[in-house]
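To start, the structure under review is shown below, and the notes come after it.
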Amino acid sequence: MSEIATKKLSFAYDQKKIIDNVDLSISDGQILVILGPNGIGKSTLLSCLSGLHKSYSGSIQLGDQELRTIPKKVLSHHVALVSQGVNVKSSLKLTDYLLLGRSAFHSIFSQPNQNDQLQVDRVLTQIGLEDYRDISLQDMSGGQKQLAQIGRALVQEPQLLIMDEPTSALDYKNQILVLKLIKALSDNNISIIISTHDPNQAMMVGDLVGLLIDNQTYIQGSTEEILTEKYLSDLYKTPIVSTYNQQLHRNIFGTRMD
Ligand SMILES: Nc1ncnc2c1ncn2[C@@H]1O[C@H](COP(=O)(O)OP(=O)(O)OP(=O)(O)O)[C@@H](O)[C@H]1O
């Protein structure tokens, strides 16, 4: 269950329509990067795709099942969400926080087993926080908390990983660490959907790019098709220029102050 597709997906908070007629799809092991201006509905869309918002109209097919019909526990075996922001408040130490990601594998009365501990150790190494295993979340920095949130989703061993601005609090080194993790997961046939405000990240990891535009129009295509100066300048309503960088072997995107 790593393929997800929406048809005419719409969602409103009370009467306020945020997502309107979105047709989106992603196949096994693909990386879809969603871009869009502040407040356009990226987080709302990701919440719908992860099963948090069930009162959507239209359809969301996960594998061959309608998402809202899948029981929560079953869903958490397949889909993990890394929410936006770093305001996770928890007095749990990091290893116990990560173990929460294993809860779908157990009843509420069962204790974590050796495999759970192995998963946590593996993920601690992946996110580079081995030295923080006994530190409480509330004593960690913003970037460390963001890595911890990503770690908790990885511990869940999802087939579809949905990440809302997963590198927003990270320095360059950790941004690359997370982008490499995303690539490695996709190489293992895990599908990934991320939102970001950085088209350069979309260029680095995206197989597909989706743009949430004015009036909640959604367009999706290959990275090459969508990451153009025209599309991005229209999207952000500010000039975006792209230049080929010889050292990086790719286009980089930037904007002007004038
Ligand atoms: N719980 C809520 N109740 C009512 N309106 C909401 C709620 N959450 C978000 N909104 C509204 O929905 C719209 C889309 O918000 P959303 O967080 O999905 O945007 P976004 O594209 O992720 O923005 P950003 O890039 O700033 O994170 C905004 O106008 C926001 O005010």
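The values are calculated or read from the model by the stated rules, or taken from the named source; none is laboratory data. Keep in mind it's a predicted model, so treat the numbers as computed, not measured. Cβ sites come from the backbone with ideal geometry, for glycine too, and all protein chains shown count toward neighbours.
Which condition does Ile70 not pass, out of (1) more than 22 Å from Lys42 (Cβ to Cβ); (2) in contact (Cβ under 8 Å) with a residue 24 or more places away in the chain; (3) among the hydrophobic types (A, V, I, L, M, F, W, C); (4) in the same structural domain as Lys7 (by the TED database), if it passes all the others?
Failing condition for Ile70: (2).
Given the criterion within 30 Å of Lys73 (Cβ to Cβ) and in contact with a strand residue (DSSP E or B) (Cβ under 6 Å, 6 or more places away or on another chain), identify the matching residue among Leu235, Leu181, Leu161, Leu212.
Leu161
Inside the stretch 198-258, counting only strands (runs of 3 or more DSSP E) that do not spill past its ends, which hold 3 or more residues that are farther than 26 Å from Leu170 by Cα?
Those strands (runs of 3 or more DSSP E) span 217-222.
From the list Gln138, Gln144, Gln111, exactly one residue is more than 19 Å from Ser43 (Cα to Cα), surrounded by 20 or more Cβ atoms within 10 Å (Cβ to Cβ), polar (S, T, N, Q) and outside the structural domain of Asn174 (by the TED database). Which is it?
The unique qualifying residue is Gln144.
Considering only residues that are within 12 Å of the ligand (Cβ to nearest atom) and in a loop (DSSP other than H, G, I, E, B), which ones fall in the stretch 30-50?
Within the stretch 30-50, Gly36, Pro37, Asn38, Gly39, Ile40, Gly41 meet the criteria.
Here's the yes/no breakdown for (1) of a type in the set (Gly, Ala, Ser); (2) outside any loop (DSSP other than H, G, I, E, B); (3) touching a Phe, Trp or Tyr at 6+ places or on another chain (Cβ under 6 Å):
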| site | (1), (2), (3) |
| --- | --- |
| Asn87 | no, no, no |
| Ser110 | yes, no, no |
| Asp131 | no, yes, no |
| Lys145 | no, yes, no |
| Arg152 | no, yes, no |
| Pro166 | no, no, no |
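Just to be sure before I move on: is Asp116 at negative phi and modelled with pLDDT of 95 or more in the structure I sent?
no
Is one or more of the residues making up the stretch 11-29 under 17 Å from Pro166 (Cβ atoms), touching a residue at least 60 places away in the same chain (Cβ under 8 Å) and more than 16 Å from the ligand (Cβ to nearest atom)?
yes
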